[in-house]
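The values are calculated or read from the model by the stated rules, or taken from the named source; none is laboratory data. Because the structure is predicted, anything quoted here is derived from the model rather than measured. Methodologically, a virtual Cβ is constructed for each residue, glycine included, from the backbone with ideal geometry; neighbour enumeration extends over all protein chains shown.
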Ligand SMILES: NC(=O)c1ccc[n+]([C@@H]2O[C@H](COP(=O)([O-])OP(=O)(O)OC[C@H]3O[C@@H](n4cnc5c(N)ncnc54)[C@H](O)[C@@H]3O)[C@@H](O)[C@H]2O)c1
């Protein structure tokens, strides 16, 4: 039977669109029918590379001409809200890159706009979909290490991230909004919601505007203490980019996610190690393999939501992560402990 595919337009054809689009193309039942970028030549290049039939440098023209089911917003953060508003007002569902907006208030406004227009909002938060992190969660939930009481979740690297994404050097708020959106979301995915939070930040690289180091200590509602550390100023013995590393201690053992996607469970009986390699895709950059593979699993989840099924990748869920990001800034600026209701 010929099932109708969901039609979407990609808004923004910069660095990440080169992975976001082929990610969608791995899935049945969805097709990219138009590409929009303010610099038309960039949209043309991407359209040619991925076989997208229509190209625009005006979002109004695109929305007037194309019959769509949703838009995928992959522009920089300041433009997410105005672009989403235009699409939502035409009744289109929204898929948006993280961070969904440049502040907590504007993130709430984005959710409100989608609600008012009765359209769905999905935030493409892909890190929790990484294969090693999914496996980690499964072992945690199996009770193999007993009751978890303490955790460290790390993203500390010296990777030259500004080479691929120069705009990151201009952000007034950098690491918490960028990688922190992912790391704090992984913490919520693994351990649930936060009760209290304390954060410190630093700027080590003097050539950028924002902070490149953040340390967040959270007491989770289940009493576990979680230390989330992130840095782009860490030259360590082993470079781990772009892996999130983790160590959880429980009443009967510990669970570690280490370099090379190795998941190690330690109990009284000893240590069992398993390597959970990401699926390989020919369009993926080997330097970002585990992240690029997770795009496909995240998009599969979003697709279920677009089709009316259950999804965990919603704007409403992601707002809780956005709140952690901005409360971390508040904590760091005022040197205070934040309590969540
Ligand atoms: N999920 C992830 O793992 C991940 C990884 C990297 C980037 N991202 C996110 O993806 C988004 C884009 O990041 P990027 O690295 O591709 O940035 P980029 O600067 O390389 O690309 C953004 C593109 O949007 C275009 N653009 C900006 N404003 C526009 C407007 N008003 N109308 C039309 N086009 C416009 C720019 O010309 C550029 O081509 C950001 O929100 C970023 O945080 C997510």
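Taken across segment 36-48, residues that are under 18 Å from residue 303 (Cβ atoms) and in contact with a strand residue (DSSP E or B) (Cβ under 8 Å, 6 or more places away or on another chain) do not occur at all. Is it the case that segment 263-277 has a residue that's touching a residue at least 40 places away in the same chain (Cβ under 8 Å), within 16 Å of the ligand (Cβ to nearest atom) and either crowded, with 17+ Cβ neighbours inside 10 Å or not assigned by TED's automatic domain parsing to the domain that holds residue 136 (or both)? Within segment 263-277 (the criterion being touching a residue at least 40 places away in the same chain (Cβ under 8 Å), within 16 Å of the ligand (Cβ to nearest atom) and either crowded, with 17+ Cβ neighbours inside 10 Å or not assigned by TED's automatic domain parsing to the domain that holds residue 136 (or both)), the answer is no, since none of the residues qualifies. Residue 245 satisfies every condition listed in (1) crowded, with 19+ Cβ neighbours inside 10 Å; (2) out of contact with any helix residue (DSSP H, G or I) (no Cβ under 6 Å at 6 or more places or on another chain) except (1). Among the residues making up segment 278-288, those that are assigned to a loop (DSSP other than H, G, I, E, B) and exposed (fewer than 11 other Cβ atoms within 10 Å of the Cβ) are 280, 282.
Residues of segment 150-203 that are more than 16 Å from the ligand (Cβ to nearest atom) and in a loop (DSSP other than H, G, I, E, B): 158, 192, 193, 203. Sort through 194, 217 and tell me the only one that's within 22 Å of residue 334 (Cα to Cα), crowded, with 16+ Cβ neighbours inside 10 Å and free of Cβ contacts under 8 Å to residues at least 60 places away in the same chain. 217 is the lone residue from the list that is within 22 Å of residue 334 (Cα to Cα), crowded, with 16+ Cβ neighbours inside 10 Å and free of Cβ contacts under 8 Å to residues at least 60 places away in the same chain. Applying the criterion of at least 3 residues that are surrounded by fewer than 20 Cβ atoms within 10 Å (Cβ to Cβ), away from the ligand (no atom under 13 Å from the Cβ) and more than 21 Å from the chain's Cα centre (by Cα) to the helices (runs of 4 or more DSSP H) found wholly in segment 1-97 leaves 40-50. Among the residues making up segment 114-138, those that are buried (at least 19 other Cβ atoms within 10 Å of the Cβ), in a helix (DSSP H, G or I) and more than 16 Å from the ligand (Cβ to nearest atom) are 114, 136. Residues in segment 289-329 that are within 13 Å of the ligand (Cβ to nearest atom) and either in contact with a strand residue (DSSP E or B) (Cβ under 8 Å, 6 or more places away or on another chain) or not in a helix (DSSP H, G or I) (or both): 6 in all.
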